[in-house]
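Novice: Sharing a structure, written as structure tokens. Questions coming.
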Amino acid sequence: MRPAAIIVMGVSGSGKSTIGALLAEKLGWPFADADGFHPAANVAKMASGQPLTDADRWPWLDAIAAHIATARQAAQPVVVACSALRRAYRERLRAGHNDLLFLHLAGAPEVIAKRQAARQGHFMPPSLMASQFATLEDPAAEADAVTISVLSSPHDVVAAALEHLAQGGPTPPISTRSRSDGII
């Protein structure tokens, strides 16, 4: 089954935008970065070091779900970079459909901290990293999610994602799981 959308998810600094854009390019699909769907108040709140609440997130997630619905109606699959940290957020993005693939970019906090420290000009400060990891609900048990380690190069991460799609995702085939923790 070809997904209507691939949601490249994970904590801030995991490489969602980089991987999402590369994956979209390889697939020939449009790319959308969920950061662009945030209202100005959300961006200002995060920039000031305050984590978002669910009340802040629901309209943002609804806007992303509407974007996916428009793509679905046009029969044009899309790649979206979106944190989608909690199962409830992923359910909101699914909007009752079962045609999404969540590509979870996973990395240890120390790896992500180094990436965030090297990043310039992003509104999300490294000080919010702990809240991101605290909010993250591992999607490993969800049939439409696959987890890929960010320890490889972006091109290797995209290659793993493409291999997964070629093998018929969204449920990760056992043969692609190279480590006991379920991370490809």
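Novice: What's the local net charge at residue 63, with K and R +1, D and E -1, over the other residues with C-beta under 11 Å away?
Specialist: Spelling it out: positives minus negatives among the neighbours equals +1.
Novice: Report, by chain and number, residues whose modeled amide H sits under 5 Å from the one on residue 147, excluding near sequence neighbours (fewer than 5 apart, same chain).
Specialist: Close amide H contacts, sequence-distant or interchain: 104, 184.
Novice: Here's something else I'd like to know. Roughly how many nanometres apart are two label points built 7 Å out from the Cα toward the Cβ at residue 98 and residue 166?
Specialist: Here the answer is 2.7 nm between the modelled labels.
Novice: Along region 15-25, what does the Karplus equation 6.51 cos²θ - 1.76 cosθ + 1.60 (θ = phi - 60°) give for ³J(HN,Hα), rounded to whole Hz, x for Gly and Pro?
Specialist: x, 4, 5, 5, 5, x, 5, 5, 5, 4, 4
Novice: Could you pull out every one of the lysines with an alpha carbon less than 30 Å from that of residue 26, ignoring same-chain neighbours closer than 8 positions?
Specialist: Within the straight-line cut-off, residue 26 pairs with 16, 114.
Novice: Next up: With a sphere of radius 13 Å drawn around the Cβ of residue 26, what net charge do the other residues whose Cβ falls strictly inside it have (Lys, Arg +1; Asp, Glu -1)?
Specialist: Net charge in that neighbourhood comes out at -3.
Novice: Between residue 111 and residue 25, 0.36 nm times their residue separation minus their Cα-Cα distance comes to what?
Specialist: 28.4 nm
Novice: Taking the Cα centre of region 1-107 as origin, sum charge times position over the Cβ atoms of Lys and Arg (+1) and Asp and Glu (-1), and report the length of that vector in debye to the nearest 20.
Specialist: Computed about the Cα centre, the dipole is about 220 debye.
Novice: Give me the one-decimal nm value for the distance between modelled label points at residue 58 and residue 137, 7 Å along each residue's Cα-to-Cβ direction.
Specialist: So the label points at residue 58 and residue 137 sit 1.5 nm apart.
Novice: Name the residues whose placed amide hydrogens come within less than 5 Å of the amide hydrogen of residue 80, ignoring near sequence neighbours (fewer than 5 apart) on the same chain.
Specialist: Amide H to amide H, under 5 Å and 5 or more residues apart or across chains, residue 80 pairs with 6, 7, 8, 32.
Novice: Now for a separate question. Given a 1.4 Å probe and heavy atoms of the protein chains only, how would you sort 87, 2, largest accessible area at the top?
Specialist: Most to least solvent-accessible, the answer reads 2, 87.
The values are calculated or read from the model by the stated rules, or taken from the named source; none is laboratory data. Small disclaimer: the values here were computed from a predicted structure and weren't measured. Glycine also receives a Cβ, built like all others from the backbone with ideal geometry; neighbour counts cover every protein chain displayed. The area values use the complete protein model at the heavy-atom level, side chains included, leaving out ligands, DNA and RNA. Shrake-Rupley method; radii C 1.70, N 1.55, O 1.52, S 1.80 Å.
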